[in-house]
Amino acid sequence: MSDNLHFKDHFTERRLFRNRMLVALVGVIAMAGVLVARLYNLQVVNYDSYRTQSDENRIQVRPVPPTRGLIYDRYGALLADNRPSYTLSLVRERINDLNATLELLAELVRLEDSDVNKFNKRLPQRRPFEPVPLRFRLSEEEIARIGVNEFRLPGVSVEAGLVRYYPHKELLAHSVGYVGRINAREQKDFNEEDIRRYSGTQSIGKVGLERAYEKLLLGEVGFENVETNARGRVLRVLERQDPKPGAELVLHLDVDLQQAVLDALGDQRGAVVAIDVQTGGVLAFVSQPAFDPNLFVTGISFDNYRALRDSPDKPLFNRALQGQYPPGSTIKPMLALGGLAAGVIDANTTIRDPGYYRLPNDRHKYRDWKAHGNQVDVLQALIESCDVYFYDMAHRWGIDGMHDIASRFGLGTKTGIDLPVERPGLYPSREWKRGARGLPWFPGDNLNVVLGQGDVLATPLQLAVMTATIANRGKHYKPQIVKSINGSEQPAELLHQVEVKKEHWDLVFEGMEGVVNHPRGTGKKAGAELDFKVAGKSGTAQLVSIAQGAKYDSKALHERHRDNALFVAFAPVDNPQIAVAVLVENGEGGGRVAAPVAREVFAEWMSRPRENSVDTTETELRADVDG
Amino acid sequence: MANRDYAGQGESGSLRRPASLSRRWHIDMPLLLLLLLLSAVGLGILYSASGGELAHARRQAVFIGVAFVVMVAAAQLSLEAYQRWSLWFYFGGCCLLVAVLFFGDGAKGAQRWLQLGNFRFQPSEVLKLVVPIAVATYLCRRSLPPSFAVILGALAIIALPVALIVRQPDLGTAILIAASGMFALYLAGLSWKWLGGALLGLMVAIWPIWNWGLRDYQRQRILTLFNPDADRLGSGWNIFQSKAAIGSGGLQGKGYMQGTQSQLDFLPESDTDFIVAVLAEEWGLWGVLLLLLLYLLIIARGIYISFTARQLFGCLLAGSITLTFFVYVFVNIGMVTGILPVVGVPLPLVSRGGTAVVTLMAGFGILMAIATESRRTHF
């Protein structure tokens, strides 16, 4: 009985179990079907898209940065070099705990707060998966330590790269300039093409030639397809398109001449520009004090930058290019030429100079620096820098003619030199005064602008161009720093020809020659003990106005309020080769302080063996005249 | 008893020697061969998944060897013994789980391991066998289909260890263990009304569970399932990479040891939970289908054993072990292919890991014990 009951139960239970198991079996088959369907969907239906995904994972297109073009001086001295440098970079996307990684790195390499701060600033600017540099210029030992700990540092890499180096340091800071890291503002201005071109490059020309010739110096980026693992380690290169290096620049600049200028200036603040008269090529371009451009290349530290920025000597300020100074008497030869050409004066015009000048019906005395006598002609006026002669000329001539001739010599407009952010200076006109001041032109204004004072402003570069144009008898060349690009000579660019009669040129040349060579000349130091003849003109420009009847007293004035010393000159007189403009801030005496600097430039330059470049300039000139 | 002795003698007398050897050791030959084949395939995949380093595969081979020994040992016990000892197994297992909560070793914020000298193991693995044994023992002593009180009793047996494992926390294992117990209950004839009700209750419970029952990372995993591209470099990384690996394998695969996703380390956990992606990438759809076929053959053999078991205990236990085995496979492949949330379930006999293999093989040992039992009674 009990057995029977048990058997019956057993039978029901078994049937129940089998039913359940069969349902489960159907479930198993259905679920297995789901898996197969899913796999089919992934591996067959969407195969192409996943194949692409996995290739994109492992194959990365990496830009290969081009080598930046090198820059040489005219004799082949290297001015801007690329040096190998090892950079510690982090790929944020591959790092889970950034702070832990940074802590670990701080144990392995020298890591300063400023490095980390700048890294944190760069971090949000990066493109996805772009390595962001943390430390530059790793030492061999640091590289080794990172190598050993590589496995603890996913996303960390040491990248070999080339970093710009300026072997001459301060010497060419204001002409060659420097590159620096691409900042957020520059990146924002990039168009599609720029983004591609800079994809492997982290620096960009910021200042000077480095900026002006950025497009040429950069070169053309190359690319390579590399296979990487998940940690970003490159395993092999699949395909490569080589980059094209940037253009090689040879400059008109002469490092030794540049150095000679610096030596002559000593620790005085100022600017010197020397121009090859025949071509407009800039032979020396000095703004003192300067700075070491290498500081900027991989990012200047804030302390260093603050020191440069806050220095009262303004070392970052490019005086030669952007410093707008009253040119003082240095513009007298040019104005004399204009006066002669316009017929306002001639070789025989004389005036009486009692030491001051009075306009008709005006009691105001316009001072001369001394009384030059009763029979002052244009020659004496130039040699002795007689102000009254020019007061008289200006009064009779008027502003329109003076403005016209000044414009022809390039004052008041940018010279067009191949350097960025040039300042135009100013030579006033009636229109300018009405617009800027809302005032009509007064007769007294003529007397200010004829002495290169008042509102007249010019950069040392403009004065050098003006002087070169005089030396060239009116051929106004555009100043150029770059002589050749990738070996192809850059043609001299004649902007225009100032038409003045030969006898007038001769007269002004004679006057300028007298400035240096006449016993009463104001710039005799410019030609001392040279075996060729120098022609020049001194200038001393007031920075603060002196009250009527008072005397200029150097000692009573603050050092930085003392007059600027200027000197413009060219040499040799009979076959002008080189024109120079010298400005010494607060130097007081153009002839005393600035002229000796010009002399050193001539002495250094004329000791060079002459090049055979005259032929080419001749043909270009002819072509220009024909056109 | 006499009957059984007689059957044993008849058996050894009537069959050829190898068969008699396997019979003497209570070995089910088809199952053994399938398991050996699967283990060999698994080791091959693991060797590739660990980047061609022999060390991992060699270590796993040792584990598998141990596991086979454990399997043979488990096959020697009679079903009476399993039933007799089930209570002790159960309490012992629960004690271990409590011990984990107090002395356990942690990894990634979860305490799952017990350290005994040099030996480290995961007590929750043991429960994967203990729970179905306990539930099957409990149910087969009562008349079936189970009454309300019996169902509650069975649920209580399941709930205690599951709750302890959830505390570790190890949601994946907890769900699998709950499933293994529930399978026994289901196979015992739990009425469809109850099953439907439970399913309904679960759906109602989703909202409170989501809000209060889950930890942030668990919620994140489920969200990732529905939108894997939302956070590719964060929580979606694993699934994104595993789908890319599987999909890029296509029909034919990229070739053994040639998978770019796995060999270049884009695929995370490639030698543990995500190992099937390595197979899919290197051997293509055909490779995965063959593996799936192997699993289904093992499951079919398990179901056959459960059908032929003489006692209800054997039916329930064999059915539960087999179905749970399938759930491992389904959950693992489902999660790697991105149709289930990422829970830590290894691919049986393929993923690297010691305790899991030993537990699995012990389960197959029990299956063999059940098979042995049924063979004896048929003669």
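The values are calculated or read from the model by the stated rules, or taken from the named source; none is laboratory data. This structure is a prediction, so every number in the text was calculated from the model and none was measured. Here Cβ is always computed from backbone atoms with ideal geometry, including for glycine, and neighbour counts include all displayed protein chains. In case anyone asks, the SASA skips ligands and DNA or RNA and just uses the protein heavy atoms, side chains included. Shrake-Rupley method; radii C 1.70, N 1.55, O 1.52, S 1.80 Å.
Assorted remarks:
- Compactness of segment A:255-626, expressed as Rg and Dmax over alpha-carbon positions, Å: 20.2, 65
- All aspartates and glutamates inside 14 Å of A:Lys533 as judged from Cα atoms, apart from same-chain residues fewer than 8 positions distant: A:Glu510, A:Glu513, A:Asp574, A:Glu600
- Ranked from largest, the principal axis spans of the Cα set of segment A:371-433 equal 48, 26, 17 Å.
- In terms of its alpha-carbon gyration tensor, chain B comes out oblate; a/c meets the 1.5 threshold, while b/c is at least as large as a/b.
- Note on segment B:32-129: Kirkwood radius taken over Cα pairs, Stokes-Einstein applied at 10 °C and 1.306 mPa s, translational D equal to 99 µm² s⁻¹.
- Surface accessible to a 1.4 Å probe, per residue, for the residues of segment A:61-251, Å²: 50 Å²
- With the simple model of a label 7 Å out from the Cα in the direction of the Cβ, A:His496 to A:Ser114 spans 5.0 nm.
- In Å², nearest 10: area of B:Val98 left accessible to a 1.4 Å probe: 60 Å²
- Note on B:Phe63: accessible area is roughly 60 Å² with a 1.4 Å probe, heavy atoms of protein only.
- Rg/Rh, computed from the Cα trace of the protein assembly as shown with Rh as the Kirkwood radius, has the value 1.30.
- Each peptide in B:283-289, B:240-246 was scored by the mean count of other Cβ atoms within 10 Å over its residues; highest first, the order is B:240-246, B:283-289.
- Between A and B, accessible area buried - total, square angstrom, nearest 100, 1.4 angstrom probe: 4200 Å²
- Reduction of at least 10 Å² in accessible surface, 1.4 Å probe, comparing all protein chains with the chain by itself, residues of segment A:30-44: A:Met31, A:Ala32, A:Val34, A:Leu35, A:Val36, A:Arg38, A:Leu39, A:Tyr40, A:Leu42, A:Gln43, A:Val44
- Projected label points at A:Ser199 and A:Asp574, each 7 Å from Cα along the beta carbon direction, are separated by 6.4 nanometres.
- Theoretical FRET efficiency, 1/(1+(r/R0)^6), r = Cβ-Cβ of A:Arg145 and A:Ile95, R0 22 Å, to 0.05: 0.75
- Per-selection Kirkwood Rh - segment A:187-249 (Cα, Å, 1 d.p.): 13.5 Å
- When restricted to Cα atoms, segment A:8-149 yields an Rg and a Dmax of 30.5, 115 Å, respectively.
- Relative contact order of segment A:151-302, defined on C-alpha pairs under 8 angstrom at six or more residues apart (%): 28 percent
- Counting only DSSP H runs of at least 4 residues, each contributing -39500 (n - 2.57), and dividing by the residue count of the protein assembly as shown, the helix-based mean residue ellipticity at 222 nm comes to -16000 deg cm²/dmol.
- Solvent-accessible surface (1.4 Å probe) assigned to B:Ile209 amounts to roughly 80 Å².
- Whole-number percent relative contact order across chain B, with pairs defined as alpha carbons under 8 Å at least 6 apart: 26 percent
- Overall Cα dimensions of segment B:253-379 - principal axes, largest extent first, Å: 56, 25, 25
- Unsatisfied cross-links (Cα-Cα over 31 Å) in the set A:Lys433/A:Lys525; A:Lys525/A:Lys555; A:Lys314/A:Lys414; A:Lys365/A:Lys433; A:Lys206/A:Lys332; A:Lys332/A:Lys414: A:Lys433/A:Lys525; A:Lys206/A:Lys332
- Partner chain coverage, peptide B:312-325 - average Cβ within 10 angstrom: 2
- Descending Cα extents along the principal axes, segment A:313-397, whole Å: 48, 31, 23
- Residues in segment A:50-75 reached by a label modelled at A:Tyr165 [backbone nitrogen below 18 Å; 7 Å Cα→Cβ]: A:67-73
- For B:Arg352, the shell of other residues with beta-carbons less than 9 Å away shows a net charge of 0, using +1 for Lys and Arg and -1 for Asp and Glu.
- Segment A:Asp404..A:Arg240, full-extension length gain: 53.1 nm, with 0.36 nm per residue of separation and the alpha-carbon distance subtracted.
- Per residue, the convex hull spanned by the alpha carbons of segment A:61-251 comes to 133 Å³.
- Where A:Arg58, B:Arg58 fall by accessible area, highest first, once all protein chains stay in place (1.4 Å): B:Arg58, A:Arg58
- Entry note, segment B:78-213: relative contact order of 24 percent, from Cα contacts under 8 Å with a spacing of 6+ residues.
- Extending 7 Å from the Cα toward the beta-carbon at both A:Phe129 and A:Ala77 defines two label points whose distance is 4.7 nm.
- A 1.4 Å probe run over the protein chains yields, for chain B, 44 Å² of accessible area per residue, whole-number rounding.
- Using 0.36 nm per residue and subtracting the Cα-Cα separation, the extra length available between A:Thr350 and A:Val64 on full extension is 95.8 nm.
- A:Lys215, B:Lys193, A:Lys524, A:Lys314, ranked by accessible area, largest first (probe 1.4 Å): B:Lys193, A:Lys215, A:Lys314, A:Lys524
- Per residue accessible area of segment A:255-626, 1.4 Å probe, in Å²: 42 Å²
- Value of Rg/Rh across segment A:457-561 [Cα atoms, Kirkwood radius]: 1.09
- Value of Rg to Rh for segment A:384-531, rounded to two decimals, is 1.01; Kirkwood radius and Rg both from alpha-carbon coordinates.
- Accessible-area order (highest first, 1.4 angstrom probe) of the listed residues B:Tyr138, B:Tyr217, A:Tyr198, B:Tyr304: B:Tyr304, B:Tyr217, B:Tyr138, A:Tyr198
- Ligands, DNA and RNA left out, the accessible area of the protein assembly as shown computed with a 1.4 Å probe is 56% carbon and sulfur.
- Shielding by other protein chains, B:247-260, mean Cβ within 10 Å: 4
- Square roots of five times the Cα gyration tensor eigenvalues for segment B:55-107, Å: 25, 23, 4
- Theoretical FRET efficiency, 1/(1+(r/R0)^6), r = Cβ-Cβ of B:Trp194 and B:Leu297, R0 30 Å, to 0.05: 0.40
- Percent of Cα-Cα distances greater than 25 Å, calculated over segment B:78-213: 32 percent
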